[in-house]
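K.L.:
This is the structure, below, for whatever I ask next.
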Amino acid sequence: MELALTGNENGWWIVSHESKIWLPNGELPLGFAASFALQGQQARQIGEWEGVPVWLICQPMPKEMGSVRQLLDLERGLFQLAGRGVQLADFYRSHKFCGYCGHEMVLSRTESACLCNHCRERYYPQIAPCVIVAIRRDDEILLAQHVRHRGGIHTVLAGFVEVGETLEQAVAREVMEESNIAITNLRYVTSQPWPFPHSLMMAFMADYQGGELRHDPKELLNAGWYRHDRLPLLPPPGTVARRLIEDTVALCRAE
C-alpha cells in the first residue's frame, strides 16, 4: 500500500526509474526520509532487512542515478531487495494501462500486482527463467568471454529457458548451441534473482561428455578449457557464476 511520506519514516530507500537506482555518494540510502528530502513522495514498503523497512519510490532523481550492479558488494539479502525494487519500479511503469482493454491500471493494496477495474484483469511482474552451468573436464573448467561483457571477464555458459522446455533440456540446448559439446551428470546447485532486467538464474554443474569445442561467434568472443589453477579474469564475488566456478575449482583440487 502506498503512502505519502511525512519525513519521519526510517529505512532503506530504493528510488528507481527506468532500471536505474538512486545512489547518493555511491551508496544505498539508509535513514529518515527527511534526511534525503523525500517527504511528500509516494512510497510503499517492499520488505525488511535486519528489522529495518525497505521502501520503494518510483521516480527519477536529478542526479546520482546508477545501476544496481554497483551494489553487488552488499550482503546478499539486501542486494536482492534492491533488485526487487528496481524490477517492481519497471513493472509499475510499464503497466499503467491494461493490455486487454486499455483502461488505466491501479496498484494492488495487498500484493505486487496491477489491477484493471474495468475488465478485472490482474497483472503480476514477469520473471525470465535462466539456466547457468559450470562444465568440468578432468581438472579443467569451460569458460567463455561473452560479447556483451567488458574488461576481459570469462564466465560459465548461460541462457534463457524457452517455452515448453525443462530446465535440464534448456541447459543441454544452450551448451550445445554455444559450445558444440554434450554434457552429462547434470546436477542442480542453487538459484539467484538477477535483476538484469528480470531474471531468475538457476545454477547447475555438469561434466563434459563429448564433442569438439567450437564457440558460437554471435554469443561468445571465445571459449576454452582452463586448468583450475590457471584461470582468467572471473566474474565478481556475489554472483552465482563466481560461486559455480569456485565450487568447480574446489572439486578439482579435492581429487
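K.L.:
From the residues in region 197-221 that are open to solvent by less than 50 Å² (accessible area, probe 1.4 Å) and of a type outside the set (A, V, I, L, M, F, W, C), which one is nearest to Ile135 (Cα to Cα)?
P.N.:
Checked region 197-221; the qualifying residue nearest to Ile135 (Cα to Cα) is Asp207.
K.L.:
If you don't mind, there's one more thing I want to ask. For Asp207, state whether it is outside the structural domain of Glu18 (by the TED database), farther than 16 Å from Ala158 by Cβ and either at pLDDT 95 or above or more than 21 Å from the chain's Cα centre (by Cα) (or both). Even if it seems obvious, please write down each step before you answer.
P.N.:
Working: outside the structural domain of Glu18 (by the TED database): yes; farther than 16 Å from Ala158 by Cβ: yes; either at pLDDT 95 or above or more than 21 Å from the chain's Cα centre (by Cα) (or both): yes.
Against the criterion (outside the structural domain of Glu18 (by the TED database), farther than 16 Å from Ala158 by Cβ and either at pLDDT 95 or above or more than 21 Å from the chain's Cα centre (by Cα) (or both)), Asp207 qualifies.
K.L.:
Identify the residue in region 92-111 that is under 24 Å from Ser199 (Cβ atoms) and in contact (Cβ under 8 Å) with a residue 60 or more places away in the chain and, among all such residues, is nearest to the chain's Cα centre (by Cα).
P.N.:
Result: Arg93.
K.L.:
Next question, about the same structure. Condition test on Arg173, is it in the same structural domain as Arg242 (by the TED database), open to solvent by 60 Å² or more (accessible area, probe 1.4 Å) and among the charged types (D, E, K, R)?
P.N.:
Details: in the same structural domain as Arg242 (by the TED database): yes; open to solvent by 60 Å² or more (accessible area, probe 1.4 Å): no; among the charged types (D, E, K, R): yes.
The answer is no for Arg173.
K.L.:
Turning to a different aspect of this structure: In region 1-35, which residue that is over 23 Å from Gln70 (Cα atoms) and in contact (Cβ under 8 Å) with a residue 60 or more places away in the chain is least open to solvent (accessible area, probe 1.4 Å)?
P.N.:
Applying the filter and picking the extreme gives Glu2.
K.L.:
Take Ala43 and decide whether it is of a type in the set (A, V, I, L, M, F, W, C) and modelled with pLDDT of 95 or more.
P.N.:
On the way: of a type in the set (A, V, I, L, M, F, W, C): yes; modelled with pLDDT of 95 or more: yes.
Yes, satisfied.
Results for (1) of a type in the set (S, T, N, Q); (2) free of Cβ contacts under 8 Å to residues at least 12 places away in the same chain, shown as yes or no for each residue.
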| site | (1), (2) |
| --- | --- |
| Leu167 | no, no |
| Ile181 | no, no |
| Thr184 | yes, no |
| Ser191 | yes, no |
| Trp194 | no, no |
| Met202 | no, no |
| Asp207 | no, no |
| Leu221 | no, no |
| Arg230 | no, yes |
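K.L.:
Do we have Ser179 as open to solvent by less than 60 Å² (accessible area, probe 1.4 Å), over 15 Å from Asp139 (Cβ atoms), under 21 Å from the mean Cα position of the chain (by Cα) and outside the structural domain of Ala82 (by the TED database) here?
P.N.:
Details: open to solvent by less than 60 Å² (accessible area, probe 1.4 Å): yes; over 15 Å from Asp139 (Cβ atoms): yes; under 21 Å from the mean Cα position of the chain (by Cα): no; outside the structural domain of Ala82 (by the TED database): yes.
In short, no.
K.L.:
Next question, about the same structure. Of all residues in region 213-232, which are more than 21 Å from the chain's Cα centre (by Cα) and aliphatic (A, V, I, L, M)?
P.N.:
Applying the first criterion (more than 21 Å from the chain's Cα centre (by Cα)) to region 213-232 yields 213-218, 221-232.
Passing the criteria: Leu213, Leu221, Ala223, Leu231.
K.L.:
Mind listing just one residue for me: the one in region 232-255 that is aliphatic (A, V, I, L, M) and free of Cβ contacts under 8 Å to residues at least 40 places away in the same chain and, of those, farthest from Gln80 (Cα to Cα)? Quick ask: steps written out before the conclusion?
P.N.:
Going residue by residue through region 232-255, those that are aliphatic (A, V, I, L, M) are 233-234, 240-241, 244-245, 249-251, 254.
Adding the requirement that they be free of Cβ contacts under 8 Å to residues at least 40 places away in the same chain leaves 250, 254.
Numbers: Ala250: 26, Ala254: 32 Å.
The extreme case among them is Ala254.
The values are calculated or read from the model by the stated rules, or taken from the named source; none is laboratory data. Not measured: the values here are computed from a predicted model. All Cβ positions, even for glycine, are placed from backbone atoms using ideal geometry, and neighbour counts span all protein chains on display. Note: areas computed on protein heavy atoms with side chains; ligands, DNA, RNA excluded. Shrake-Rupley method; radii C 1.70, N 1.55, O 1.52, S 1.80 Å.
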